[in-house]
Structure formats: structure tokens, C-alpha cells
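Student: Can you keep this structure in mind? I'll have questions shortly.
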Amino acid sequence: MKRRRAERYDRLTHPLVREDGVLRRAGWEEALDRAAEGFRRNAARHGPDAFAMLSCARSTNEMNYVAQKFARVVVGTNNVDSCNRTCHAPSVAGLSAVFGSGGGTSSYQEVEDTDVIVMWGSAARDAHPIFFQHVLKGIRKGARMFAVDPRRTGTARWADRWLGLNVGTDIPLAHAVAREIVHAGLHNTAFVERATEGFAEFAASVEPWTLQAAEQVTGVPAGAIRELAHAYARADRAQLCWTLGITEHHNATDNVRALINLALLTGHVGRYGSGLSPLRGQNNVQGGGDMGAIPNRLPGFQDILEPAVRARFEQAWQAPLQPRYGLNLTEMLEAMGEGKVTTCYIVGENPVQSEADSLNCVKRLGMLDHLVVQDIFLTKTALMADVVLPAGAAWCESEGTFTNSERRVQRVRKAIEPPGEARDDIVILCELARRLGHDWHYDGAEEVWDELRRLSPAHAGMTYRRLADLQGIQWPCPSEDSLEPPFLHGRLWETDPARRGRAAPFAILRHSPPVDLLDDDYPLRLTTGRRLDSYNTGVQSSGFASPLRRGETVELSPEDAARLGVVPGEEVRITSRRGSVVAPVFVDPGLRPGLVFMTMHFPDEVDTNSLTIEATCPIAGTAEFKAAAVRVDRLVPAKAG
Ligand SMILES: Nc1nc2c(c(=O)[nH]1)N[C@H]1C(S)=C(S)[C@@H](COP(=O)(O)OP(=O)(O)OC[C@H]3O[C@@H](n4cnc5c(=O)[nH]c(N)nc54)[C@H](O)[C@@H]3O)O[C@H]1N2
Ligand SMILES: Nc1nc2c(c(=O)[nH]1)N[C@H]1C(S)=C(S)[C@@H](COP(=O)(O)OP(=O)(O)OC[C@H]3O[C@@H](n4cnc5c(=O)[nH]c(N)nc54)[C@H](O)[C@@H]3O)O[C@H]1N2
Ligand SMILES: [Mo]
């Protein structure tokens, strides 16, 4: 197979500013002045909401706290978001609609102590290897594992049963599981009555989804659906885990609600060993959202529409807050296209290569009057900027905390100095704030954290001291002597209705197939995702070669490869309704006919996201990265005979 040389990214070591169309080296003073001046100019001309900020899900909680405070206090807008929008915003929206809080309910240890593990739309063997170690321990102790994924992934290979469904048919599958549970009388009536609402309507709504009807739509044999339903419902303890196979769809929040319905039906939530786990993506994407780097929540996941919450922050920050939600990442890009957002501050994101329909994204970013990018590498997004600010890498060059998928806050420590003139993200943010009239003094990350603790009840009891002594603490942690149970929503099991608060509602949902329709011109379903050996847009994982690692390929089923007459390694053209790329063929027997797989890891060689569609979930704003319609063409005509 022809191996292309992956682009190697070097660390940014000094600021850059654009002059006569090109980026040139600059000193810190000049770069910071230029950055601040552009923000000031745009605010004066168009108001604070012409500003948008992307905060870094790889950076610390402390940095994310300061970043959202910069947007809200210094600029005066709630237009702040992060890559959570491209992955688990639907999980947060679905979980908070049902339970009032958007976090995963369980801790990692619990998958070791459970009877049934369902990995639904999750390639955890590749994408969450640490969590997957706990899954393997659970399996060793006797847990049964089910994998629900269109591809027979490395995760599915460990499963007792793989349910290979058609892309975008998770709601019919979940509905058929629910119907089977109800018809077999396996639902947990005591829990349903005590803790939920809307059961009768829900049961009626899934009635059309017989095992046979679901087999027709999902492609999963009726017997396998029945087996999953009975195993999940009969289990004493069961863990339902999901990731982007569920959330990167135009109806993603509905997908999430369909899975939550199953837990409500069986009572598999709110008890040790039973729960719902959306495994979060970037190392601190959970923390970024918890810190308020999202357009609708203040730090501590507190709703910005609540007057009492707002008043408390306004008092602490000595600044008025806008009583409305800001734009999310998807809406920011739309607003750039409409000329409503004219300036953007991107800290540690690479949207040029990570957004669906990337050609359109580049066009919109190109319309900005002023773009500032703060990163550790000179990314393709940074190359579009007016000012580039070099940051330290949070995971080894800064002090602070990260929050993982089980809501555990852990300390990270500075081990080495940032290269060259690069500076800590928080220091850069404070320098810009000062230039815009806000003299913030933080004597290190701990001071930021203590400010957050005073404002977020969920974090109040987590001093740096305790975090170090206890090797991390899960939220909620309201006081310095509290250690909450490792799982959430135990209240659902309490018998005294007065103490329970609100019941958890079932959702009535309908099946909505992928937006990008298959037809004669685009007959194949492209889904995109990850491999163990590479990371997201490749910026942080480029520049090393390994015999275990191949560059971008287009993965085809053996049947499709034979039908197209292509051989492994042969370059082919992949075309969608938005773009066209060339990549070598890789034949994967784990793919069913009609399904094509590509990664997002090598966009400098093959820009996969020029193919994907920006059809977004109206509730969460997440794009349908997991379902594009494509055609695969040979570059050389087939030999005659
Ligand atoms: N090695 C590595 N690890 C990573 C990352 C990385 O780039 N590399 N990135 C991190 C990030 S940011 C994230 S968000 C996570 C993502 O972690 P995952 O979500 O596990 O990763 P993906 O490969 O994007 O997608 C998961 C699976 O969804 C399946 N899928 C596609 N369409 C459907 C569908 O319609 N229904 C169902 N049920 N499944 C479907 C795909 O076949 C794929 O196996 O990984 C994190 N960890
Ligand atoms: N086709 C397709 N596209 C996808 C997806 C998919 O499954 N398929 N998944 C989506 C998902 S889940 C995600 S999360 C996005 C990821 O999209 P992005 O977040 O845009 O991509 P990354 O490559 O993770 O970029 C992270 C950037 O942060 C910088 N960085 C790292 N550490 C620090 C730090 O400490 N400080 C600063 N300032 N910068 C830092 C890195 O250098 C890098 O440029 O991609 C989305 N795009
Ligand atoms: Mo992600």
C-alpha cells in the first residue's frame, strides 16, 4: 500500500500576527494588543453577541472556568461552547431532561460488578481503552456483554452477542427491546410506578415495533433482539454505555432518550452496578461543560435562566449577565455565515478539520473580521487566524484539574515548562482580560478553583488538598466532609414520595432515518470514527510512523470490494453530495455490505469531513457525522476480460 507522509506538526513557540495576508512572528505585547483590539473593535461596531468563543476540552477545569468568564464578563456574551457539541451534547441534553443533571450515572468500578454490559454505538476497545479495562474485568468476573454497532468492531469481538444494525436505526431497535420486555412481563413495575411517569403512553407508542418489524428496519435478527431484551431486563445489575454511534446523528437527543427509556423500564439506574454511561470523549470535555463553557449553563451546570443563580454570579463577578442562552458551536458557524458573528476566539479546537461539511466551515470562518487562535500547534484553523497565541499543554505543562466520564475530578501537575515563549492558557486569558479593562488576579490555578468552589455547590467540598489525598473525588461533593455514593439518582428508589422530588419521564419517540438519503448516485452508507492509534484531527498524533499504524483508508466490506472490482491498497475516489476525496482501499470483513468506514484522523491527506453532512440535532446541535451517502469509484478503468 502506498504510504503517504503524514504532516508533522511542530509546537508553537512564539506568537504570530497576520500582516499583508501572511502570518509573521511577533512579540507577546504586539500579539495580545492586536487580539484585544480586534475584539474591542467588533464589540463597538456590532455589540457583544458578535463575539464567539470556543474553549478547550483538553485543557483544565480552571482554564475553562476562566474562558467562559472571559466571554460572559469581559465581552458580555453567552456565546461560548466547545467540542462537546460535536459529541456528547445530546447525552447531556437527554440525561438532564430526564434526571435534571447531565452526567453519566455510574462509576467505572461498577462495570466490574455488574451482570450485563451493553456497549451501544461505542468503540470503547479503541476509543476508551482505560474504561475498557474495567469492562474486561467485568467479563472475567462473569458479566455478559452485548455490542450494538453497525461494524463488528474490536469491542464487538469481545461481546457475547453482536447486534449489527443498520446505521441510524437505533430507535426502532430500542423500541423493539422495550416492547419485548413489556410483552414478556419483564419490566420492573415497582420502579416504574414509584420513579417514572408516562409508562402507559410509552408502552402504547412502542407497540408497532414487533421483533419482526424491527428486524426489517434494523437488519438485526429478531432472535438477537429478543436475547438482548431478556438479558438486560432479567439481570440483577446492568450497565448501558453509549457513545457517538448514538449521539452523532440528526436525531441524537431522541436516540439518547430511547436508551434512557430502557433503564427506566427495568430500573437499571440509581443503584450500584446499574446505570447509564455516556463515555465522554476528550480528556476534559466533561469538565469543560461542568465549568460553564457551554452557552446555557454557568459553572456547576447551573441554568443561566434561573434569576437566583444569575444574581449570585453577578454579585461574585461584579458584572451583569445576559438572561438568555448563547449560541452553540453549530449556531455560531451559521451566524458567521450570516455576518452576525464577526469575531471569534478559538482556544484549543480545530474546527477547519473537525466540523461536518468542512468546506462550508472554512467558508464561514473566512468571513470573520477577526479570528484569534490559541493552540499548542499551528493547526489548519490557526493558519486562518489574524493572531495566533502559543499555549502550554494542559496535561503536562500546567497545574489544575480534569474531570473524567465518571465525574471524578483529579489533579494534574506541571511536569515540564512550555516550549519557547509559549504561556499557560489562563495567563494568556488574563492578559487579554486586562487589556479589555478587567484586572483579574489569579495567583495560580488553585485560586481559580477556590473561586469556582464558592460558586458551584457540586464542587464546593473539593479542595486541592482533598483531591490529592483521595486521588480524585466524584461530583456532587457539596461539603468538605462529604463523600457521595459513586452513582447518581439513588433518590429514584426512595419510597417516601415527598423525598423523591420529580419522577423520571419516559419519552415518546419516532424513527427518523438519516438525512443524507441513499440513491443510485450515492448508494453506500459512510460512517466515520476512530482508531486506537490516532487522535481526532491528528494534530496531536501526527508525525510518527509505526508498522502498526496505517494512514487514512476507505474501509469496504469484502462484498462491496468484489462488486467494485477493487483490491486492498488501490486508490479510489469517494464522493458525497458535498465533496470528493481519494483514499486507498482497506477491506474489513467486520463491515456488512453497503457500509463504508473512514476515520477523521488524517485530514491533511484525506479530508473526510468534506464528505460528511451538517444535518444537526435541533435540541443539541450535534451533526450527523455517522451517516453520509457516498459513491466509490475506481480511478483506473477495470481491465477488460
Ligand atoms: N484512540 C482514540 N481514542 C479516542 C479518540 C480518538 O480520536 N482516538 N477521540 C476521543 C473522542 S473526542 C471521543 S468523542 C470518543 C469517541 O468514542 P466512540 O464513540 O467510541 O468512537 P467512534 O469511532 O467515533 O464511534 C463509535 C462507534 O459508533 C458506531 N456507529 C456508527 N453509526 C452508528 C449507528 O447508527 N448506531 C450505532 N449503534 N452505532 C453506530 C461506529 O461503527 C463506531 O464503532 O473517543 C475518544 N477517544
Ligand atoms: N468525521 C468525523 N468528524 C468528527 C467526529 C467523528 O466522529 N467523525 N468526531 C467529532 C468529535 S467527537 C470531536 S471531540 C471533534 C474534535 O475536534 P477538535 O477538538 O477540533 O479536534 P482535535 O484534533 O481534538 O483538536 C484539539 C486541538 O486542541 C489543541 N490543544 C491540545 N491541548 C491544548 C491545550 O492545553 N491548550 C490549548 N490552547 N490547545 C490545546 C490541539 O493542538 C488541537 O489543535 O471532532 C469531531 N469531528
Ligand atoms: Mo469527542
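The values are calculated or read from the model by the stated rules, or taken from the named source; none is laboratory data. Because the structure is predicted, anything quoted here is derived from the model rather than measured. Backbone-built Cβ (ideal geometry, glycine too); neighbour counts: all protein chains shown.
Student: So which residues in segment 64-90 are part of a loop (DSSP other than H, G, I, E, B) and β-branched (Val, Ile, Thr)? Lay out the reasoning, then the answer.
Tutor: Residues of segment 64-90 part of a loop (DSSP other than H, G, I, E, B): 76-79, 82, 87-88.
Thr77, the sole residue that qualifies.
Student: Considering every residue within segment 540-556, establish whether at least one is within 16 Å of ligand 3 (Cβ to nearest atom), surrounded by fewer than 21 Cβ atoms within 10 Å (Cβ to Cβ) and within 30 Å of Met332 (Cα to Cα). Working first, answer last.
Tutor: Let us first name the residues in segment 540-556 that are within 16 Å of ligand 3 (Cβ to nearest atom), namely 540-541.
Keeping just the survivors that are surrounded by fewer than 21 Cβ atoms within 10 Å (Cβ to Cβ) gives 540-541.
From what's left, within 30 Å of Met332 (Cα to Cα): 540-541.
Checking segment 540-556: at least one residue is within 16 Å of ligand 3 (Cβ to nearest atom), surrounded by fewer than 21 Cβ atoms within 10 Å (Cβ to Cβ) and within 30 Å of Met332 (Cα to Cα).
Student: Between a residue in segment 79-96 that is more than 11 Å from ligand 2 (Cβ to nearest atom) and any residue that is among the acidic types (Asp, Glu), which pairs come within a Cβ distance under 9 Å, given they are 6 or more apart or on different chains?
Tutor: Close Cβ pairs (under 9 Å, with a partner that is among the acidic types (Asp, Glu)) amount to Asn79/Asp49; Asn79/Glu331; Asp81/Glu331; Pro90/Glu248; Pro90/Asp254; Gly94/Asp254.
Student: Residue under question is Ala93, and the condition is that it be assigned to a helix (DSSP H, G or I), assigned by TED's automatic domain parsing to the domain that holds Ala143, closer than 25 Å to Ala52 by Cα and among the aliphatic types (A, V, I, L, M); does it hold?
Tutor: Yes.
Student: Would you call Ser107 among the small types (Gly, Ala, Ser) and under 27 Å from Phe377 (Cα atoms)? Quick ask: steps written out before the conclusion?
Tutor: Numbers: among the small types (Gly, Ala, Ser): yes; under 27 Å from Phe377 (Cα atoms): no.
It is false that Ser107 is among the small types (Gly, Ala, Ser) and under 27 Å from Phe377 (Cα atoms).
Student: Check Gly21, Gly100, Gly27, Gly38 and return the single one that is more than 16 Å from ligand 3 (Cβ to nearest atom) and surrounded by 18 or more Cβ atoms within 10 Å (Cβ to Cβ).
Tutor: Working: Gly21 fails: surrounded by 18 or more Cβ atoms within 10 Å (Cβ to Cβ); Gly100 fails: surrounded by 18 or more Cβ atoms within 10 Å (Cβ to Cβ); Gly27 fails: surrounded by 18 or more Cβ atoms within 10 Å (Cβ to Cβ).
Criteria check complete, one pass: Gly38.
Student: How many residues are under 23 Å from Gly245 (Cα atoms) and β-branched (Val, Ile, Thr) if we restrict to segment 523-569?
Tutor: Count: 5.
Student: Could you check segment 560-571 and list, in sequence order, the residues that are surrounded by 15 or more Cβ atoms within 10 Å (Cβ to Cβ) and in contact with a Pro (Cβ under 9 Å, 6 or more places away or on another chain)?
Tutor: Asp560, Ala561, Glu570, Glu571
Student: Picking from Gln322, Gln318, which residue would you name as being under 23 Å from Cys56 (Cα atoms) and surrounded by fewer than 20 Cβ atoms within 10 Å (Cβ to Cβ)?
Tutor: Gln322
Student: Just the residues that are over 12 Å from Asn261 (Cα atoms) and among the charged types (D, E, K, R), please, taken from segment 173-191.
Tutor: Scanning segment 173-191 gives a single hit, Glu180.
Student: Give the number of residues within segment 238-272 that are in contact with a strand residue (DSSP E or B) (Cβ under 7 Å, 6 or more places away or on another chain), farther than 13 Å from Thr86 by Cα, within 11 Å of ligand 1 (Cβ to nearest atom) and assigned to a helix (DSSP H, G or I).
Tutor: Result for segment 238-272: 1.
Student: Sort out for me the helices (runs of 4 or more DSSP H) sitting completely within segment 122-237 that have 2 or more residues that are touching a Pro at 6+ places or on another chain (Cβ under 9 Å) and away from ligand 3 (no atom under 16 Å from the Cβ). Break it down stepwise before answering.
Tutor: Working: elements: 124-127, 129-140, 154-157, 170-183, 189-195, 199-205, 211-218, 222-234.
In segment 122-237, the matching helices (runs of 4 or more DSSP H) lie at 170-183, 211-218.
Student: In segment 403-452, what count of residues is obtained for those that are surrounded by fewer than 23 Cβ atoms within 10 Å (Cβ to Cβ), part of a helix (DSSP H, G or I) and not aliphatic (A, V, I, L, M)?
Tutor: Qualifying residue count for the region: 8.
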